[in-house]
Amino acid sequence: MFSTSRLKSKLPHVGTTIFTKMSRLAEEHQAINLAQGFPEFDCSPELQRLVDKYVKGGKNQYAPMAGVMSLREAISKKTWEASGHEYHPETEITITSGATEALYVAVSTIVNPGDEVVVFEPAYDSYVPVIELNGGVPVFVTLDAQYEAVDWNAVAAVITDKTVAIMINTPHNPTGNVWSQADMQRLAALAERHELYVISDEVYEHIVFDERKHIPAASIPALAARTFLCGSFGKTFHTTGWKLGYCLAPAALTAEFRKIHQFLVFSVVTPFQFAVAEYLNEPAHYLSLSAFYQEKRDLFLNAIDGIGFIAKPSQGSFFQNVSYENLTDQNDLILAERLTKEAKVASIPVSAFYSRPAGYKTLRFCFAKNDETLLRAAEKLRKVVW
Ligand code: PMP
Ligand code: GLN
């Protein structure tokens, strides 16, 4: 029998992701799942028809390695309209298997053993393992769970001559914070001064609230020149299961990016690329998303009002963080499990987004759900005996 004694884990500290764990627990206890971030509703019938059209129309073989050209052109146009920066479809846009692959490949492209990468925490769960798989060292700038403001002096203080990159995420998962123009300018100045790459995770670009504007890294020339901008259609078109994303970067960076992308997946699902390309012709399909989700955020906030949570309204994304510090001292990892089992409402403990769980008393709720589901969840939370 083959012995696994020589198997040396490359990620010894990593277990199953918190999203998988909480979704499984929600299923097991038949709880309402406001944990893992995915919409409860389906994508539009028009988009479904387009997929059908291209599947039946024979678009079922390998796509070009960098992606279907009509999709790259549509992304170029959409990004130009949002940022004023033009990415060349031939040399600067790569279609990936979700933003997850884009982030993985971007990090792998620039991080060598011993390199340091600045990561803001709470951080999306894939960033740190991917840095570590490449021999890099994550260096944390810790923000509180309500993520009030970025302390740029703290960011400047962690940069050393080993720092190669800064990873950012706006609108932010899990806090829902949206970076201002001033934040993006501070980032640009710092990245320029220290000659750093930037990896910008903008998967929630089309979900921003209260008249805020998402500021793409592409809109600031000093950032566009050094940024791997990672996006996804999963959030934008309610199609998280399609795993269709992209990476935008200057040609020299894209050339190196594609060397890795081609051996990781080569290319991604062809008929869906054609369908999304055609669907992108109508900007209302994504420009209406903020208003759609703002109503859901407000419905959820109203529904949980009076329970005793402290909730700063989410500025973007489809997540609402709440502090329960006035209700109980319980650790959030334990409380999230208890609420799933007893109150039948699953959430994500925000400690899971930190390198060291430090007892943050905050839960993340996903409000990408039907109104009725959100109201039922709030009713259940209202009955909890803390
Ligand atoms: N970044 C963030 C901040 C996310 O919330 C997610 C997932 N939901 C991803 C990246 C991954 O996106 P995708 O599903 O397109 O791989
Ligand atoms: N991005 C989603 C979230 O934050 C989950 C994605 C996943 O399950 N990997 O909940």
On each of the three principal axes of the Cα atoms of the stretch 189-284, give max minus min coordinate, whole Å, ordered largest first. 42, 42, 21
Could you name the aspartates and glutamates whose alpha carbon sits less than 17 Å from that of Lys77, not counting residues in the same chain fewer than 8 places away? Glu86, Glu90, Glu92, Glu202, Glu205, Glu278, Glu282
Listed residue (Val155, Leu374, Leu299) projecting farthest to the positive dipole end of the chain, Cβ model: Leu374
Principal axis lengths of the stretch 272-386 from Cα atoms, whole Å, largest first? 51, 32, 25
Cβ neighbours within 10 Å, averaged per peptide: list 153-162, 42-51 in order, most packed at the top. 42-51, 153-162
What 222 nm value per residue comes from the helices of the chain, counting each DSSP H run with n ≥ 4 as -39,500 (n - 2.57) and dividing by all residues, nearest 500 deg cm²/dmol? -11000 deg cm²/dmol
Grab the beta carbon distance between Asn326 and His13, set R0 = 45 Å, and tell me the FRET efficiency rounded to 0.05. 0.85
Suppose every K and R has +1 on its Cβ and every D and E has -1 on its Cβ; what is the size of the dipole of the chain about the Cα centre, in Debye to the nearest 20? 940
5 angstrom amide H check on Val345, placed H, neighbours 5+ away: Ile32, Thr340
Show me, bin by bin at 10 Å from 0, the whole-percent P(r) of the stretch 61-214 based on Cα pairs. 10, 36, 37, 15, 1, 0
What ranking of Met22, Met69 emerges when the number of other C-beta atoms within 10 Å of each C-beta is taken as an exposure proxy, fewest first? Met69, Met22
On average, how much area does the Cα convex hull of the stretch 309-356 cover when viewed from any direction, in nm²? 4.0
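Mind pulling the per residue volume of the convex hull built on the Cα atoms of the stretch 230-337? Å³ is fine. Present the calculation step by step, with values, prior to reporting the outcome.
On the way: hull volume 19.0 nm³, N = 108.
Roughly 176 Å³ of hull volume per residue.
Note down the magnitude of the dipole of the stretch 233-309 about its Cα centre, charges +1 on Lys and Arg C-beta and -1 on Asp and Glu C-beta and zero elsewhere, to the nearest 20 debye. Please list the in-between numbers first.
Details: 6 positive and 6 negative charges, 69 e Å.
Its charge dipole is roughly 340 debye.
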Give me the distance between the Cα centres of the stretch 1-45 and the stretch 265-281, rounded to whole Å. 26
List the relative contact order of the stretch 103-161 as a percent without decimals, with contacts defined as Cα pairs under 8 Å and 6+ residues apart. 35
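Within the chain, what percent of beta bridges assigned by DSSP are antiparallel, to the nearest 5?
The answer is about 45 percent antiparallel.
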I need two numbers for the chain: Rg to one decimal and Dmax as a whole number, Cα atoms only, in Å. 20.8, 63
Let me know the number of lysine pairs in the stretch 253-386 closer than 19 Å at the Cα, not counting same-chain pairs under 8 apart. 11
Sort Trp152, Trp179 by Cβ crowding within 10 Å, fewest neighbours at the top. Trp152, Trp179
Please label the shape of the stretch 141-254 as rounded, prolate or oblate, based on the square roots a ≥ b ≥ c of the eigenvalues of the alpha-carbon gyration tensor (a/c under 1.5 means rounded; beyond that, a/b larger than b/c means prolate, else oblate). oblate
Nearest 20 debye, what's the magnitude of the dipole of the stretch 301-375 about its Cα centre given +1 on Lys and Arg Cβ and -1 on Asp and Glu Cβ? 220
Across bins of 5 angstrom width beginning at 0, how are the C-alpha pair distances of the stretch 1-77 distributed, in whole percent? 3, 9, 10, 11, 10, 11, 15, 16, 9, 5, 1, 0
Likely footprinting exposure, Ser9, Ser70, fewest C-beta neighbours within 10 Å first: Ser9, Ser70
Just going by the charge dipole of the stretch 113-195, with Lys and Arg at +1 and Asp and Glu at -1 on Cβ, which of His172, Ala188, Val137 is farthest out on the positive end? Ala188
With 10 Å bins from 0: P(r) over the stretch 114-185, alpha-carbon pairs, percent: 19, 53, 26, 1
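Every number here is computed from the coordinates shown, using simple stated rules; none is lab data. Everything quoted here is computed from the prediction, not taken from an experiment. When we count neighbours, we look across all protein chains shown, and the Cβ atoms used for this are built from the backbone with ideal geometry, even at glycine.
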